[in-house]
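Asks: Handing you this structure, nothing more for now.
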Amino acid sequence: LALERALRLALENQQFELHYQPKVDVASGAVVAMEALVRWRCPQRGMVPPNDFIGVAEEIGLIIPLGAWVLREACRQNRAWQLAGMAQLRVAVNLSAYQFRQKDLPEFVAGVLRDTGMDASCLELEVTESVVMHNPADAARMLDRLHGQGIHISVDDFGTGYSSLSYLKQFRLDTLKIDRSFVRDISSDADDAAIVRSVIALAHSLRLKVIAEGVETDAQLAYLRELGCDQYQGYLRSKPLPAHEFEALVRAGG
Ligand code: G
Ligand code: G
Ligand code: MN
Ligand code: NA
């Protein structure tokens, strides 16, 4: 209960902040986008990672205003960077299932883009497999409405959920994010390598891009390059960074 009360106050007291992790083009090594990841700077608890509070925020309904803040802040920051002459990058925002089920989400997102002046093509929304599979018919309509605005759509944690491959064809998607559990042992575990190779082949045959998560070593990256993976994200390049540190990384050439 104390956590719930503290979380509600956190939004009012502006204790949330976004960190940014680069998404890197495998072929060129260039930073092409970033994922915004929320943190709670709690005066009592220190820096709290999202896994420790997103679930509670969902239970108490705070995820809607919190998710709205995350989207607005990510777009505001990215537009500010663009106006300051930083390279044009896309910013990815994670959507909770609750947000994805809000019927007015497309209008809300459009309003944020209008208010911040950021182009729709510079926004990416990450939804998990389970979120889109919960109600595929509704999800397909929602993805159409978001994608129709020019927003990029990624499927997060791909391969970990219950997925019917037929939905890949029906849904308006741009990118599959291969879950880091398949990447970890990719250069030593033949099964993981086979899964990653198959996901890449499947994605490419459906004209989707593929990004690998959790890349920590040169060996993993070399393997992903060999398999034709498009982008990667992971500690090898950078952990998620506070805004000013992320800006310094990009200005230093990624
Ligand atoms: O930042 P970290 O690597 O600790 O993220 C852990 C999890 O929290 C990830 O699964 C990520 O998708 C989720 N997460 C991070 N930021 C947000 C956010 O703004 N909204 C939602 N719904 N989930 C987030
Ligand atoms: O949204 P998603 O579930 O992809 O959240 C990204 C999470 O992965 C964040 O918690 C982030 O801190 C974490 N992460 C990012 N890069 C790495 C990495 O290279 N290794 C590991 N173990 N975790 C990572
Ligand atoms: Mn994500
Ligand atoms: Na993920």
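Asks: Among the residues of the stretch 49-97, what is the count of those that are more than 14 Å from ligand 2 (Cβ to nearest atom) and under 20 Å from residue 5 (Cβ atoms)?
Replies: 12
Asks: While we're here: Tally the residues that are touching a residue at least 40 places away in the same chain (Cβ under 8 Å) and either in contact with a Lys or Arg (Cβ under 9 Å, 6 or more places away or on another chain) or within 16 Å of ligand 1 (Cβ to nearest atom) (or both), restricting the search to the stretch 230-254.
Replies: Total meeting the criteria: 15.
Asks: Just the residues that are out of contact with any strand residue (DSSP E or B) (no Cβ under 9 Å at 6 or more places or on another chain) and more than 12 Å from residue 8 (Cα to Cα), please, taken from the stretch 47-58.
Replies: Hits for the stretch 47-58 are 51, 55.
Asks: Starting from the stretch 200-216, take each residue that is closer than 11 Å to residue 236 by Cβ and list its partners that are outside any strand (DSSP E or B) and aromatic (Phe, Trp, Tyr), counting only C-beta distances under 7 angstrom and pairs at least six apart or across chains.
Replies: 216/235
Asks: Kindly indicate whether residue 215 is at pLDDT 95 or above and touching a His at 6+ places or on another chain (Cβ under 8 Å).
Replies: No; evaluated as a whole, the condition is false for this residue.
Asks: Here is a further query. Can you find a residue that is of a type outside the set (Phe, Trp, Tyr) and touching a residue at least 60 places away in the same chain (Cβ under 8 Å) anywhere in the stretch 166-179?
Replies: No - not one qualifying residue is present in the stretch 166-179.
Asks: Please tell me if residue 218 is crowded, with 16+ Cβ neighbours inside 10 Å and of a type outside the set (Lys, Arg).
Replies: no
The values are calculated or read from the model by the stated rules, or taken from the named source; none is laboratory data. Small disclaimer: the values here were computed from a predicted structure and weren't measured. Every residue, glycine as well, gets a Cβ built from its backbone with ideal geometry; the counts of neighbours run over all protein chains shown.
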